[in-house]
Every structure is written in structure tokens, then in C-alpha cells.
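Engineer: I have a structure here, written as C-alpha cells, and I will follow up with some questions on it.
The values are calculated or read from the model by the stated rules, or taken from the named source; none is laboratory data. Predicted model only: the values in this text are computed from it and were never measured. Cβ coordinates were reconstructed from backbone atoms using ideal geometry, including for glycine residues, and neighbour counts include every protein chain displayed. Please note that ligands, DNA and RNA were not included when accessible areas were found on the heavy atoms of the full protein model with its side chains. Shrake-Rupley method; radii C 1.70, N 1.55, O 1.52, S 1.80 Å.
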Amino acid sequence: VEERLKWYVSIGLARESLVEYWQKPEELAHYAKATVDLLYKFPFGTQELEGIAARGNFDLSQHQKFSGKSLEYFDDEAKAKYLPHVIEPSAGVDRLALALICQAYSEDEAPNDKGQMEKRVVMKFHPRIAPIKVAVLPLLKNRPELVAKALAVRDLLRRHMSVFYDDAGAIGRRYRRQDEAGTPFGVTVDFDTLGEKGPELKDTVTLRDRDTMKQERIRIDELVPRLVEKIQ
């Protein structure tokens, strides 16, 4: 049960949103020694995500009975035979997807292109399960040198993760689109990347975090290890 709870937390569900329900003896299936239901607190009510059943040796005893073949295991240390028990976790993929969407949906405020605060919708998917891991954005799409560099960065990254290339519209609007899609990181290629404002910034890009909106300058050759560490 604890391993399954840790797994849900590792992909983005909040621990406080998960509930354990230990079935009463009269609720158990005939083969079960114990069953624990893992529930999620959806906005519309608490619903089951997974059932974990301790089935005892029921499964193998039935196979053994009707096949006529022994399925016992000999334990060398105990010098004894036994029928292995089965622990069966059974999870629903559709409910999990809905739980992840419910957990991720968030609204806050962020400055627009004019510096005015406006509502921002953001899907805060854990980087492990975000459909797109990083967006690559040239500052301007009508500057061939920026586009060429951005495409090279895209090709570098997409050998290791799912990448979306976006050059349509103002950079702020592109950030918002990626926030709504749940993309955890954005990489912007600008004139500093080309070294136009100083050789010390050449071949660096801006790495933006979706949740904090903080940006940092990072060398292109550091992007892959930095991002791979974050999405694993």
C-alpha cells in the first residue's frame, strides 16, 4: 500500500488528496485476506483509483487443483514447501488521468505583454507525466539566424524528450499557451544566444520554469543534463 501511495505522489498527486479505505471483513471478496482501496478527493467527490487485494494462495491453489500439477515452492532456508501468495493492485487508467488533470489545474496571475496582471491558467503536471516536456521558442520568427539556432536546439533536445517548437505570436502569449498545455519548461533563443550583446552570452538560452515563471540563463550544452534530471 505504501509503495503504491509513493508512486502516485511521484507522478504528481498530493498525498493529502489520497485516502486509504481498508475494507471490512463482510466487504471482502471470498478469496481476499484483506483489501485496501486507494481513493482520490476529486472536486465532485472522493472516488476509487485502485484496489489492492491480498488474495492469499487462492489463485495458485485453484490452478494446482484443476491442473493436477504441484505449484508449490521449496524454500531452501526453511526446508519447507508452500504455495506463493498473490498481492493484486488493480488501478483504473481513466480515473487516474482525470485525477492528474484535476490535480494539475490551477489559476493565478501573471503580467501580460504590457505588464498588466491578468489571469493565467496553468496545468501543473509533474514533469514525469507532462505530455510535452519543453517548448523551444525563437524570440522572433522573421530572423533567420534566430530560427536556425532555435531549430538546432529543438533537434538537440528531442532525441531525449518530447519537444514543442512554437514561433507564432508574441513571446508572452506563447508562454501562456505552453502553461495551459502543462509544458513544464520553456527555452527561449534570443539575440544574446547569437552573441550580439557580448561574447560571454553566446550559445546561452533562457530556461523558464512554468510554475514559478522564473528564468535563468543557461548554456546550450548544459540543457540536456539539466532537463533530463528534472523530468526523470
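Engineer: Can you work out which of the residues in segment 202-232 that are assigned to a loop (DSSP other than H, G, I, E, B) and without any contact (Cβ under 8 Å) to a residue 12 or more places away in the chain is surrounded by the most Cβ atoms within 10 Å (Cβ to Cβ)?
Structural biologist: The selected residue is K202.
Engineer: Which of the residues belonging to segment 15-53 are open to solvent by 20 Å² or more (accessible area, probe 1.4 Å) and either part of a helix (DSSP H, G or I) or among the hydrophobic types (A, V, I, L, M, F, W, C) (or both)?
Structural biologist: Hits for segment 15-53 are R15, E16, V19, W22, P25, E26, E27, L28, A29, A34, L39, F44.
Engineer: Of the residues S106, S90, S67, which is closer than 23 Å to A181 by Cβ and polar (S, T, N, Q)?
Structural biologist: None of the other options fit; the residue is S106.
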